[in-house]
Amino acid sequence: MERTDDFIQIEQLELSARIGVAETERAQSQRLTISLTFWPRRPLVDLGDDVRNTINYSEVCAEIKKIVAARTDKLIETLADHVATQLLRGFPIRKIRVELRKYVLRDVKYVSVTVTRETNEMS
């Protein structure tokens with residue numbers, strides 16, 4: 001099967017997470033945002049205008065919120081990796097890029113980490 005560069009994006013989903021190196025930082029939820037780019041296993045041209053053939057981005061957002069709510073990581077790097085890995089396992093995604101932003105320092109707009117993960121599974 002010929003691969004394409006078709007992708008779907010979700011920009012700046014608002015999240016609340018208990019995350020941080022210090023215990024005091026993890027004691028209360030803080031604001032994060034996550035942006036994703038994912039490449040479906042199936043080319044978008046083959047979807048036949050049928051939602052059952054694509055990746056339901058509403059379900060992806062719900063799953064991200066569920067994943068983040070269940071964790072208390074120290075590093076945003078760890079959380080971003082876990083989100084990417086879980087979404088690859090749970091949805092027909094062949095490649096995913098996750099950018100996780102944390103609004104923690106007063107003198108910068110945000111700190112972010114970006115991870116890219118891929119699966120070798122074929123559709």
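The values are calculated or read from the model by the stated rules, or taken from the named source; none is laboratory data. From a predicted model like this one, the values you see are computed outputs, not experimental measurements. Ideal geometry is used to build each Cβ from the backbone, glycine not excepted, and the neighbour counts take in all protein chains shown. Ligands, DNA and RNA are excluded from the accessible area calculation, which covers all protein heavy atoms including side chains. Shrake-Rupley method; radii C 1.70, N 1.55, O 1.52, S 1.80 Å.
What angle do you read, to the nearest 10 degrees and between 0 and 90, between the alpha-carbon axis of helix 57-69 and the longest principal axis of the chain?
Here the helix axis deviates by roughly 30 degrees.
Order the following by accessible area, largest value first: Val111, Val83. Probe radius 1.4 Å; ligands, DNA and RNA are ignored.
Val111, Val83
Cα-based count: Lys pairs in the chain below 22 Å, eight or more positions apart or different chains?
Qualifying lysine pairs in the chain: 8.
Select from Gly20, Gly90, Gly48 the residue whose mean-square fluctuation is largest in a Gaussian network model of the chain (Cα-Cα springs shorter than 10 Å).
It is Gly48.
Using the scaling law 2.2 N^0.38 Å as the reference, what is the normalised Cα Rg of the range 8-123?
After normalising by residue count via 2.2 N^0.38 Å, the value is 1.13.
If you average the sequence gap of Cα pairs under 8 Å that are 6 or more apart and divide by the length of the chain, what percent do you get for the contact order?
27 percent
Counting only protein chains, not ligands or nucleic acids, how are Tyr57, Tyr103 ordered by accessible area (probe 1.4 Å), most first?
Ranked from most to least accessible, the order is Tyr57, Tyr103.
Quick one: longest stretch of the chain between exposed loop GluC sites (Glu not before Pro), exposed meaning at most 13 other C-beta atoms within 10 Å and loop per DSSP?
Longest site-free region, per DSSP loop and neighbour criteria: 3-120.
May I ask you to give the percent of accessible area on the range 1-47 that is carbon plus sulfur, with a probe radius of 1.4 Å?
Answer for the range 1-47: carbon and sulfur cover 47 percent of the accessible area.
For the chain, what does the helix formula give at 222 nm: sum of -39500 (n - 2.57) over DSSP H segments with n ≥ 4, over the residue count, nearest 500 deg cm²/dmol?
-8000 deg cm²/dmol
Give me the dipole magnitude in Debye, nearest 20, for the range 52-119 about the Cα centre, with unit charges on the beta carbon: positive for Lys and Arg, negative for Asp and Glu.
100 debye
Pick out which of Thr72, Thr37, Thr24 has the largest mean-square fluctuation in a Gaussian network model of the chain, springs linking Cα atoms closer than 10 Å.
Thr24
When ligands, DNA and RNA are left out and all protein chains stay put, how many square angstrom of accessible area per residue does the chain have with a 1.4 Å probe?
Solvent-accessible surface per residue comes out at 62 Å².
Based on the Cβ-Cβ distance of Arg106 and Ala62, what FRET efficiency does E = 1/(1 + (r/R0)^6) give at R0 = 22 Å, to the nearest 0.05?
That gives a FRET efficiency of 0.10.
Leaving ligands and nucleic acids out of the surface, order Phe91, Phe7 by accessible area at 1.4 Å, largest first.
Phe7, Phe91
Helix 76-90 versus the longest principal axis of the chain: what is the Cα-based angle in degrees, 0 to 90, to the nearest 10?
For helix 76-90, the angle is close to 30 degrees.
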